[in-house]
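S.K.: Below is a structure I'd like to ask you about.
The values are calculated or read from the model by the stated rules, or taken from the named source; none is laboratory data. Keep in mind the model is a prediction, meaning the values are calculated, not measured. Cβ coordinates were reconstructed from backbone atoms using ideal geometry, including for glycine residues, and neighbour counts include every protein chain displayed. When the accessible area is computed, the model is the full protein with side chains, heavy atoms only, and any ligands, DNA or RNA have been set aside. Shrake-Rupley method; radii C 1.70, N 1.55, O 1.52, S 1.80 Å.
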Amino acid sequence: TLCPPGQRGKGLLTLFYLSLFFFAGDITQKGYEKKRAKLLAAYIPQTQSKSSFSLSLSLCPFSSCHTLHRSHRSGGARDERYRSDIHTEAVQAALAKHKEEKMPMPMPTKRRSAFVQSPMDNCTPPDTSSASEDEGSLRRRQAAVSAVLAQTLQNSEFWINRSIQGSSTSSSASSTLSHGDSSKSHNHIHSQNQTNVLADVLAHTRIESSSVPPDVTSTVPQERNSRVELAPSPAVRGMSRGQSRSSMMDTADGVPVNSRVSTKIQQLLNTLKRPKRPPLSEFFLDDAEQIVEVPQPDPNTPRPEGRQIIPVKGEPLGVVSNWPPALQAALARWGATQAKSPALTALDITGKPLYTLTYGKLWSRSLKLAYTLLNKLGTKNEPVLKPGDRVALVYPNSDPGMFWVAFYGCLLAEVIPVPIEVPLSQKDAGNQQIGFLLGSCGISLALTSEVCLKGLPKTPSGEILQFKGWPRLRWVVTDTKYLTKPSKDWQPHIPTANSDTAYIEYKASKEGTVMGVAVSKISMLTHCQALTQACNYCEGETLVNVLDFKKDMGLWHGVLTSVMNRIHTISVPYSVMKACPLSWVQRVNVSKARVALVKCRDLHWAMMAHRDQKDINLSSLRMLIVADGANPWSVSSCDAFLNVFQSHGLKPEVICPCASSTEAMTVAIRRPGARGAPLPARAILSMGGLSHGVIRVNTEDKNSALTVQDVGHVMPGALMCIVKPDGPPMLCKTDEIGEIVLNSRAGGTMYYGLPGVTKNTFEVIPVNSGGTPIGEIPFTRTGLLGFVGPGSLVFVVGKTEGLLLVSGRRHNADDLVATALAVEPIKTVYRGRIAVFSVMVFYDERIVMVAEQRPDASEEDSFQWMSRVLQAIDSIHQVGLYCLALVPANTLPKTPLGGIHMCETKQRFLEGSLHPCNILMCPHTCVTNLPKPRQKQPVGVGPASIMVGNLVAGKRIAQAAGRELGLIEDQDLSRKHQFLSEALQWRAQSDPDHVLYILLNAKGAAVSTATCLQLHKRAEKITAALLERGGINTGDNVVLLYPPGIDLIASFYGCLYAGCIPVTVRPPHLQNLSATLPTVRMIIDVSKAACILTTQTLMKTLRSKEAAASVNVKTWPTIIDTDDLPRKRPPHIYKPPTAEMLAYLDFSVSTTGMLTGVKISHAAVSALCRSIKLQCELYSSRQVAICLDPYCGLGFVLWCLSSVYSGHQSILIPPMELESSLPLWLSTLSQYKIRDTFCSYSVMELCTKGLGTQTEALKVSVQYTHMFSSVILFASVVGNTLTQRLKAVCCGTTGPDPSTVYVDMKSLRHDRVRLVERGAPQSLPLMESGTILPGVRVIIVNPETKGPLGDSHLGEIWVNSPHNASGYYTIYGEESLQADHFNTRLSFGEPHTLWARTGYLGFVRRTELLDASGDRHDALFVVGYLDETLELRGLRYHPIDIETSVSRAHRSIAESAVFTWTNLLVVVAELSGSEQEALDLVPLVTNVVLEEHHLIVGVVVIVDPGVIPINSRGEKQRMHLRDSFLADQLDPIYVAYNM
């Protein structure tokens, strides 16, 4: 009835009869195929491929009749409800479509140990692509590759790269390179080495052909010039072997890259260059509050066109004279009159009958239980139970008899039974939610059997475990021996059915909450009557029940209706079905049952197991009720089952699918047909139409059709409407899909104890298109989505809880599962173990699919299957999968009957405890609502702006200054001792015994001290040694290589006395020479040092064999060991400096990985020391603790220079000592009662992170923390600032208290500052960088135009001060670079002042606070380092912000770093947990960056702790990390390429 008329109809009719002849055995298989092909030829466009597809018959009313799956009967394929062979063909066709595009996908790289060892013995076979591969195995793989190519039907080359695997490092799985025509190139591969050459050539071709990094962020598809057509192979052969390993290449950034990683990234870029769907429309005004791109409605969207639906009425419920007034009355009647008649037969584990309960026994035991419950649990005056109380029934599925007695006992006692699952362990999925149900129903008593009680988990003392979230329960055992016979005068009270609650059935919502649906006594009775009428039950029939008897159809038919009609029920538990899937069919055969109650899964299992059962006869069945017949995919199970068992007497008209929901109970059921009556039609619907919520007969694309069978007519006495599933309950049109709502006396009445939720579900009054209610009567929402077809037949296409709403279109989870299952080969995953759900990420639902991987599936197979699933779903459903994960076998959380616990799975996915063993993320296809990339606007303030006084373009210029340096107060000191070297000599004379330095060890004990005189004498000895042994001339550079300590300070002054220029260098790390020694060597070479001063142990290290492995030890300059100086008094040597002479060179490695040396003159040193002295109020009676690295920047100044200048005592704490003793810094502060301390952020972080356990030590120090008058913190930002190119600008907080502001992160990305309230979404707290040092001026400048900016604008911080560095010390002395950084002028405004550029982004904001001179205080805020910012989508991102988000994503992320490569964002995360958590991080990292920063992560790299390189100041070296990643030196645990 639903087929379009005309030509096609005729052909289909012929085809239909043809199918019938075939099944009747009138024609042979071959003849059938031939005729069918001929018939279909007219409708099928010929495909180009050699094997013509047998396209699906998805247009025919009985489509899947012909599709028998004999090939698939493997024992393990016991899956649930999905068998769709039509679908398999559709998927193959869809995959074949993409054959032409030869675009490979990069396969994730996985460390060997991360391959999951599954619980079974047969684990993943070792990968064949290890480096020790012989030619034979290579040839075998060649053959395999060619074989794969030969399968055109199964293979879609678009997704699966026909790969040659290059050799891989021991740590990671094989890389997968794509190439053009593999058959040509294969013949030339002679050895493993040349495979690698090929890889290199490929990489070259690929990158060079796209010389600019491809911009994957643009929406315009670029020319695909980066596709590789292989060079003719002889070129490959010609390359020498030696070249193959070292053949490195340069990418656009000039970074040397190993071919392997870059090829994968290139593949990734190629997959991303396909235009996304739907295209982004123009969007994003700079200030728009709304971030999200709102998809514009597509004008071609199908819209419903029918008239408004009219409510459908079921047949009237007949009145039968002998129907009982209540269900208990029926039991009483049968118990008295038909006591010998069998009520229930239970089976043992082998499927043999265990016991039979007669109606007499059932009645007498239920009576005993009712009497016991009411009279024997408490005392006479205080009974434990009163009528109307709720009681939990906890019985296993294998014991229906005990359950029946308990259920009817409760009904007779008028207490309300609440059947629940048996809790097996504390960890059961959803256990806590059952606790919520028990709590909301107010349950304190649980009935159970003795056997079950023994099996419950116990505490060590033997008590039953208190389950998480459960109320305290009293357990009552209901075995017969514990029951009391009622006294003669006691009779149960059996009133006529009324609206009181009879029982409560539990139901789990989509979010996982378990609620109890209350069913009243009248509803229970009416429902039994309606089922009796619809199913035509007769007294004394036999019924086989395979369903769970505690709820749903299993309870309604198998426990309630059966007793009303004196039916004999045979209960087949799940455990028997697992052991013997055919057991229910055998029971039907043996007991000549008239009715069987099953699910599609049972049909499928019986079909799989049916081989040798010749003597089975199912002709006795008049009704085979398929409980989940409403599932769209049940149709193929029903057809296939009929196919197999029709020869065993099964009649086609006995199959009765039905639709039900916990709230409305049975919604519709197909009535058993008369013999030979025409079978009802099927609807073949277009998936595209369904996703827009309309019904369209599928005409255009045969692949995306859905065949649904009807579920019969509405129940007797019920009224049904279809309303819109969201928003007000508006009636749908006739061609619109909506939620089925039902009004009937035979449904649930409420969610027990939850009045709010009840109203929305049980009291819905539909409204018409004008919004007026259609009547007074309330309807109940069923949670089923469907429509009413011709002849008032009900069709169901899905459930609201399986509904995924993506970009305004609806998809059904079951449909997606079916598509995945139709992707061959299914040998990768278990059929029934696939979960599909959606998660909200960045304002839309994203679809996630999780499947259980078979233990014997190889990595390549899994990847291949996964990539094909992505393709198939994309093609058939027009929706992208956001994430596809495979988990090891048996690890998905189960429901009690073995299904997948969906919300628990989703919960684990979101909290990162699913532990997948394979994962593919495709955010690039799914996320179509990103804001439009920003086009840079011309800057408002440029040289053309009019500048009036201190205003620029109407705003105050953003500048700030420290107080004036003023006149020098110690007149005599300054005249005599302008320079540090002279200051030390003067102190040695005037105050020889004043202790300047105390060095502490890890225990906090003073290891060595130095007075002014000792320091001076030691410096003189070193000067003498330098001149005698080193032959040093004035102005030579000398490298000081010392551990942090007093030797370092003494040799510094020794160099100054000798007139040479000291260069402090961090000594190499003894455990890690290969990494740290080259840096030392580099500084020595760059600074052209004439000699090295060091200690004895370090001297041995420098000349050791280990050192020789990484540097050439023969070419060191002279090394002088200062531990062994002559005892004799040295001559007094002193070469006085001039102000312009260099005092020292300050070398440091910036966070971008550049080594810079800064020249500092004597004048600058004095000015800086003076600024710090004034700012921090340092004088000789002060004690200061310093916990900084003494090699560069501010750490060096405070450690070596400041004490000598100001005369205060410095307590030196080497930061490395903190690693072995965390409380060292804080305990020193408390022990010496110190008021000023200098430390770095990393020190503070180390102390606070590690002190959780050692609070005792902490208590001591906290008492003094309040006394610090100025704790001087160098924010990681400012600390290295202002040290790298100039000297410190800000420090100390002796001015007003440091202010904190909250800025809007969205504006920062646009280089603007917008202040927001604390706690605003997307806000970032920034703390002021302390008071600006005396004599320093700061201005904020636009880095591009070099013009000054207004207040609260983000720009580069420029500094002018007397202690700026003189310039860079470089080998080539590039004057232009120096001039730019050290002596820059503004483009307008104040063009005469010379400024030094800091390279930091920040802003100045005038605050309400006043400073010492009474003016308003200008606060300087530093946002980040300019060289590190990432430009993505036209916006400026600071890596630290993204890293903060990433580190919050999962508890096992220890540290993270981000960088970009060819416009891809790469996130590297250190995993502190076990390796099985590695893949959990991939989706979480992708989610958090998308949510908080609106960026799609391109590559996620999971590495071990400590892999991210950090420099001495605790800053991440992101560029080093990038180079190591691209050169494949990270040994990652897992690399995920997000497609």
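S.K.: Go through 894, 352 and list them by solvent-accessible area, largest first, probe radius 1.4 Å. Present the calculation step by step, with values, prior to reporting the outcome.
M.R.: Values: 894 90, 352 120 Å².
So the residues, ranked largest to smallest area, are 352, 894.
S.K.: Quick one: accessible area per residue over the range 568-708, 1.4 Å probe, rounded to a whole number of Å²?
M.R.: Working: 4020 Å² over 141 residues.
It amounts to 29 Å² per residue over the range 568-708.
S.K.: Under a Cβ-Cβ cut-off of 15 Å, what is the net charge of the residues other than residue 996 that fall near it, where Lys and Arg count +1 and Asp and Glu count -1?
M.R.: Working: positive: 987, 1017, 1018, 1173, 1182; negative: 991, 993, 1047.
Combined, the nearby Lys, Arg, Asp and Glu give +2.
S.K.: Whenever you get a sec, compute what percent of the accessible area on the range 393-451 sits on carbon and sulfur atoms (1.4 Å probe).
M.R.: Numbers: 870 of 1520 Å².
Carbon plus sulfur share of accessible area: 57 percent.
S.K.: Further question on the same structure: Keeping all protein chains in place, calculate the accessible area per residue for the range 1400-1539 (probe 1.4 angstrom), answer in Å². It would help to have the intermediate numbers written out before the result.
M.R.: On the way: 4060 Å² over 140 residues.
Value returned for the range 1400-1539: 29 Å² of accessible area per residue.
S.K.: Sorting 1097, 532 by accessible area (1.4 Å probe), largest first, what list results? Can you show the working numbers first?
M.R.: Working: 1097 95, 532 10 Å².
So the residues, ranked largest to smallest area, are 1097, 532.
S.K.: Summing +1 for each Lys or Arg and -1 for each Asp or Glu, what net charge is found among the other residues whose Cβ lies under 13 Å from the Cβ of residue 371?
M.R.: Numbers: positive: 365, 368, 376, 485, 488; negative: 414, 489.
Surrounding charge for residue 371 is +3.
S.K.: Pull out a ≥ b ≥ c, the square roots of the eigenvalues of the alpha-carbon gyration tensor of the range 447-521, then state rounded if a/c is under 1.5, prolate if not and a/b is larger than b/c, and oblate in the remaining case.
M.R.: Since a/c reaches 1.5 but b/c is at least a/b, the shape of the range 447-521 is classed as oblate.
S.K.: Return the long-range amide H neighbours of residue 1425 (sequence gap of 5 or more, or a different chain), with a cut-off of under 5 Å between placed amide H atoms.
M.R.: When sequence neighbours closer than 5 places are left aside, the close amide H contacts are 1401.
S.K.: Counting Lys and Arg as +1 and Asp and Glu as -1, what is the net charge of the other residues whose Cβ lies under 14 Å from the Cβ of residue 1236?
M.R.: Working: positive: 1173, 1182, 1233, 1235; negative: 1177.
That sum, taken over residues with Cβ under 14 Å, equals +3.
S.K.: Pull up the DSSP beta bridges for the range 1395-1527 and report the antiparallel fraction as a percent, rounded to 5. All intermediate terms of the calculation are to be shown ahead of the outcome.
M.R.: Values: 20 of 26 bridges.
Percentage antiparallel, nearest 5: 75.
S.K.: Roughly how many debye, to the nearest 20, is the charge dipole of the range 758-899 about its Cα centre, given +1 on each Lys and Arg Cβ, -1 on each Asp and Glu Cβ, and no other charges?
M.R.: On the way: 12 positive and 14 negative charges, 53 e Å.
My answer is approximately 260 debye.
S.K.: Which listed residue (749, 806, 773) has the Cα farthest towards the positive end of the charge dipole for the range 741-831, taking +1 on Lys and Arg C-beta and -1 on Asp and Glu C-beta about the Cα centre?
M.R.: Result: 806.
S.K.: Right, something else. So, taking all protein chains as they sit and a 1.4 Å probe, how much accessible area belongs to residue 1417, in Å² rounded to tens?
M.R.: Its accessible surface works out to 10 Å², give or take rounding.
S.K.: Report residue 619's accessible area, 1.4 Å probe, all protein chains in place, as a number in Å² to the nearest 10.
M.R.: In the full protein context, residue 619 sits at about 60 Å².
S.K.: Between residue 674 and residue 614, what length in nm is gained on full extension when 0.36 nm per residue of separation is reduced by their alpha carbon distance?
M.R.: The span from residue 674 to residue 614 would gain 18.9 nm if fully extended.
S.K.: Continuing with the same structure: Nothing charged except the Cβ atoms of Lys and Arg (+1) and of Asp and Glu (-1): what's the magnitude of the dipole of the range 505-625 about its Cα centre? Round to the nearest 20 debye.
M.R.: On the way: 15 positive and 9 negative charges, 16 e Å.
Using only the charged Cβ atoms, the result is roughly 80 debye.
S.K.: Would you check the accessible area of residue 1339, probe 1.4 Å, heavy atoms only, in square angstrom rounded to 10?
M.R.: 0
S.K.: Now for a separate question. Accessible area per residue, 1.4 Å probe, Å², for the range 345-424: what's the number? Walk me through the numbers before you get to the answer.
M.R.: Details: 2920 Å² over 80 residues.
Accessible area per residue, the range 345-424: 37 Å².
S.K.: So for the range 507-589, taking the charge dipole from beta-carbon charges (+1 Lys/Arg, -1 Asp/Glu), which of 562, 509, 530 sits furthest toward the positive end?
M.R.: In the range 507-589, that residue is 509.
S.K.: Now a separate question. Which whole-Hz couplings ³J(HN,Hα) result when phi for each residue of the range 1396-1405 is put into the Karplus expression 6.51 cos²θ - 1.76 cosθ + 1.60, θ = phi - 60°, listed in order with x for Gly and Pro?
M.R.: 10, 8, 8, x, 9, 8, x, 8, 10, 9
S.K.: Here is a further query. How far is the Cα center of the range 1027-1077 from the Cα center of the range 678-739, in Å?
M.R.: Taking the Cα centre of the range 678-739 as reference, the centre of the range 1027-1077 is 84 Å away.
S.K.: From the square roots a ≥ b ≥ c of the eigenvalues of the alpha-carbon gyration tensor of the range 830-940, which class results: rounded (a/c under 1.5), prolate (a/b over b/c), or oblate? Show your work: numbers first, answer last.
M.R.: Working: a/c = 2.47, a/b = 1.87, b/c = 1.32.
Prolate is the answer for the range 830-940, as a/c is 1.5 or above and a/b outweighs b/c.
S.K.: Explain nothing, just the number: dipole magnitude of the range 618-689 about its Cα centre with +1 on each Lys and Arg Cβ and -1 on each Asp and Glu Cβ, in debye rounded to the nearest 20.
M.R.: Values: 6 positive and 4 negative charges, 61 e Å.
Dipole magnitude for the range 618-689 comes out near 300 debye.
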